[in-house]
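The values are calculated or read from the model by the stated rules, or taken from the named source; none is laboratory data. Please read these numbers as outputs of a predicted model, since none were measured by experiment. Using ideal geometry, Cβ is built from the backbone for each residue, glycine included, and neighbour counts are taken over all protein chains shown. To get the accessible areas, we keep the full protein, side chains included, count just its heavy atoms, and leave off ligands, DNA and RNA. Shrake-Rupley method; radii C 1.70, N 1.55, O 1.52, S 1.80 Å.
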Amino acid sequence: MLLHLTILAGDGIGPEVTEQAVLVLQAVADGFGHQLQLQHKNVGGAALTASNDPLPPDTLAACCASSAVLLGAVGGPGFDHYPQHLRPEAGLLRLRRELGAYANLRPAICFPALEDCSPLRPELVRGTDVMIVRELLGGLYFGQPRSIAGSSGHRLATNTMTYDEASIERIARVAFDLAAKRRQKVLSVDKANVLECSRLWREVVTGCAKDYPGVQLSHMYVDSAAMSLVQHPREYDVVLTENMFGDILSDQAGAVVGSLGLLASASIGGKVGLYEPVHGSAPDIAGKGIANPLGAILSVAMLLRYSFQLERQAVCIEKAVCALLSQGARTPDLTRNGASAISTSQMGQRLIEAVKRSADAAHRKSG
Ligand code: NAD
Ligand code: IPM
Ligand code: MN
């Protein structure tokens, strides 16, 4: 198969983790006989610096013309003073919208070897396997009007949260379909005791549930869900929620399973899928070569699964990550009490070796 991808490394640790993710992807492609066609383009701060636009037309055109997009991260303190529409983050939001990527899947899994990396007690976090399904094109992120208006001392800031029934229904169906193949549970998270958007959300999600009699639906307010996610993370299967709540809960889920650097994501629903780690550009560690590349690498696994239906290849990466962690491979975010750590590129290299071994073994078995 020909895998035609656009690679958007972005800012901060984005290029560091993306480099390793692409090397792993290359190893998988080589190992399983696929061909890669990669185009590297600017996005975010890197694109602002080069052409004063966080999502230049040629970047967007390349993304739209490819089969999937892999993105590192965008943003950083150097760009925080830019007007809203020119910020690196605005480029990412526009890309998500242009691609029609309304469904953001953010799995948070506690790898057995990492039970003691969580700030929670091992017996609480053991076995955690949550799939956060975040609505990605609605809510406060995109609602109009939005502005800061008025004169200094009297300014008024406005953001608008809107959700229509169709946008709620389509994301709810994604969550129910996923749950049907997992542990048959959907928890819908909202703030229906205060917000009209959430009241409509709850009503529409409840209506959808009738089409999935095997799946058990429950509801929780977001404040209570945030508490419960750290009290008993294992209870969660699929968590369905709107854009902003999903943003917040997914970082929290990252901490619960040991590090935000581990979390991958898929933004799907449109013609071209967008794959990116959940974390940001991490300016505090950028340039040091110590970022955890596993979130980016596991995003490659999601890319193979959701954009190309290459399940065996996706599992090959996921198993290699699991095995490597069991062997004690740790970037600094995964170490405790000064234990020794490896670099971003060492983690990538060891993963490539594991992927090659497992592709060879698969060949021996089939041949
Ligand atoms: P962040 O996710 O960049 O970092 C939060 C903390 O987690 C930091 O201490 C960082 O060092 C650590 N961390 C993150 N990824 C890591 C990794 N792979 N390995 C080890 N440690 C890791 O969040 P922030 O500091 O709030 O945001 C920094 C910038 O990134 C901001 O400009 C923000 O807008 C942007 N951002 C971009 C994306 C994206 O591009 N998808 C996502 C989130 C934040
Ligand atoms: C994320 C990020 C983005 C979001 C920002 C950078 C726009 O935090 O992907 O989680 O809020 O969606
Ligand atoms: Mn976020």
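Observations on the structure shown:
- Candidates are the residues of segment 336-367 that are of a type in the set (Ser, Thr, Tyr) and free of Cβ contacts under 8 Å to residues at least 24 places away in the same chain; the one that is nearest to residue 107 (Cα to Cα) is 340.
Here is a yes/no grid of residues against (1) within 12 Å of residue 297 (Cβ to Cβ); (2) open to solvent by 90 Å² or more (accessible area, probe 1.4 Å); (3) touching a strand residue (DSSP E or B) at 6+ places or on another chain (Cβ under 7 Å):
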residue	(1), (2), (3)
331	yes, no, no
341	no, no, no
346	no, yes, no
351	yes, no, no
355	yes, no, no
359	no, no, no
363	no, yes, no
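- Within segment 244-270, considering residues that are more than 12 Å from ligand 2 (Cβ to nearest atom) and more than 26 Å from residue 348 (Cα to Cα), the one nearest to the chain's Cα centre (by Cα): 269
- Residues satisfying the stated conditions in segment 278-296, i.e. touching a helix residue (DSSP H, G or I) at 6+ places or on another chain (Cβ under 6 Å), free of Cβ contacts under 8 Å to residues at least 60 places away in the same chain and more than 22 Å from residue 134 (Cα to Cα): 290
- Filter pass, residue 282 being at positive phi and within 10 Å of ligand 1 (Cβ to nearest atom): yes
- Within segment 136-176, the set of residues being in a helix (DSSP H, G or I) and without any contact (Cβ under 8 Å) to a residue 12 or more places away in the chain comprises 166 only.
- When the test is whether a residue is open to solvent by 60 Å² or more (accessible area, probe 1.4 Å), touching a strand residue (DSSP E or B) at 6+ places or on another chain (Cβ under 9 Å) and of a type in the set (A, V, I, L, M), residue 65 passes it.
- Test for residue 106: is it of a type in the set (Lys, Arg) and surrounded by fewer than 16 Cβ atoms within 10 Å (Cβ to Cβ): no
- So residue 175, is it open to solvent by 30 Å² or more (accessible area, probe 1.4 Å), modelled with pLDDT of 95 or more, in the same structural domain as residue 237 (by TED's automatic domain parsing) and touching a strand residue (DSSP E or B) at 6+ places or on another chain (Cβ under 8 Å): no
- Residues that are exposed (fewer than 14 other Cβ atoms within 10 Å of the Cβ), among the aliphatic types (A, V, I, L, M) and within 19 Å of residue 11 (Cα to Cα), drawn from segment 30-62: 50
- Test: residue in segment 260-267 that is open to solvent by 10 Å² or more (accessible area, probe 1.4 Å) and either in a loop (DSSP other than H, G, I, E, B) or within 24 Å of residue 199 (Cα to Cα) (or both): no
- Filter pass, residue 281 being within 16 Å of ligand 2 (Cβ to nearest atom) and buried (at least 23 other Cβ atoms within 10 Å of the Cβ): yes
- Among the residues of segment 120-129, some residue qualifies, meaning at least one is surrounded by 14 or more Cβ atoms within 10 Å (Cβ to Cβ) and touching a strand residue (DSSP E or B) at 6+ places or on another chain (Cβ under 9 Å).
- When residues in segment 89-117 are screened for being away from ligand 1 (no atom under 14 Å from the Cβ) and in a loop (DSSP other than H, G, I, E, B), 4 of them pass.
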